[in-house]
Every structure is written in C-alpha cells, then in structure tokens.
Amino acid sequence: MPWKPLSDPQWELIEPVIPKQRTGRPRSRNREILDAILFVLSTNIRWEEMPPGFPPKMTVYDRFRVWLKAGFFEALFEQMKTLKPSTDKRLYYLDSTIKSAKKGRQNFTGRENKRQQNKPRGRRERTA
C-alpha cells in the first residue's frame with residue numbers, strides 16, 4: 001500500500017494519544033513528524049534518505065525514539081482496536097508473519113546425492 005499523508009479525521013483520532021511533554025521547549029509539528037515516520041516505515045528507506053519536504057531527519061528520528069519509549073505506538077494500536085468498524089465492511093489484519101529464507105540451493109538427498117558426488121567437478125578426464 002503506498003504512503004499517503006494523514007487525513008484530518010485520522011489526525012483527530014491520533015492527536016489525543018500523542019504523549020505530552022513534561023519539560024523543555026514545547027514540541028511542535030507533531031502531525032508532520034508522524035507523517036514522516038509513517039513514510040519511512042511504509043517505504044522501508046533509511047532515515048538519511050528522507051526526501052525534501054519533510055522535517056529534518058534527526059528531528060523525526062529523535063521524536064520516533066521518544067514516542068517508542070513512551071509507548072505511543074502501542075497506545076495508538078490499542079485505541080484503534082477499540083474503534084467501531086466503519087460502514088465499509090472490510091476486514092483488516094494487523095499481523096505480519098515472516099518466514100526466513102535459506103540462502104543457496106537445497107541439499108540433495110538419497111540417490112540424487114550419490115549421483116551428484118560421482119560427477120566430475122569441472123575437471124577434464126585425461127585420455128592417454
């Protein structure tokens with residue numbers, strides 16, 4: 001699914017879940033920074049490769065780490081689970097399953113293995 005900026009109704013649901021800052025200079029541009037975080041996560045690029053038009057990469061990365069420690073993404077997920085389904089009647093799965101792939105060829109077994117072992121390996125046979 002391609003990345004899209006957050007819409008106003010989406011932002012209204014997310015904004016109350018954003019952790020409040022206790023000390024320091026007040027944070028601003030939370031919506032832009034969340035858009036940048038979602039862009040990086042959805043396109044699977046490195047933080048350094050963020051295109052122009054987003055907030056500075058270090059600001060985005062630092063805010064991502066702060067929100068991760070504060071449990072923002074877990075709280076957001078829990079809030080989204082409690083919402084009533086919309087009228088479109090579609091079902092969305094928020095789970096991912098990963099199966100690791102092995103590098104190289106599969107090992108031969110049984111007779112195939114014996115045939116493979118008896119083959120000359122790139123050597124020419126000498127004729128007298």
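The table for this structure:
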item: Pick from region 65-79, criterion within 18 Å of GLN10 (Cβ to Cβ) and in contact (Cβ under 8 Å) with a residue 24 or more places away in the chain, ranking: surrounded by the fewest Cβ atoms within 10 Å (Cβ to Cβ); result: GLN79
item: Selection from region 1-52 of residues that are among the aliphatic types (A, V, I, L, M) and either under 16 Å from TRP67 (Cβ atoms) or part of a helix (DSSP H, G or I) (or both); result: LEU6, LEU13, ILE14, VAL17, ILE18, ILE33, LEU34, ALA36, ILE37, LEU38, VAL40, LEU41
item: Restricting region 19-43 to residues that are β-branched (Val, Ile, Thr) and either at pLDDT below 90 or touching a Gly at 6+ places or on another chain (Cβ under 8 Å) (or both), the residue that is nearest to PHE73 (Cα to Cα); result: THR43
item: Residue in region 27-49 that is surrounded by 12 or more Cβ atoms within 10 Å (Cβ to Cβ) and in contact with a strand residue (DSSP E or B) (Cβ under 6 Å, 6 or more places away or on another chain) present; result: yes
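The values are calculated or read from the model by the stated rules, or taken from the named source; none is laboratory data. What you are looking at is a predicted structure, and each value in this text was computed from that prediction instead of being measured. Reconstructed Cβ throughout: ideal geometry from the backbone, glycine too, with neighbour counts over all protein chains shown.
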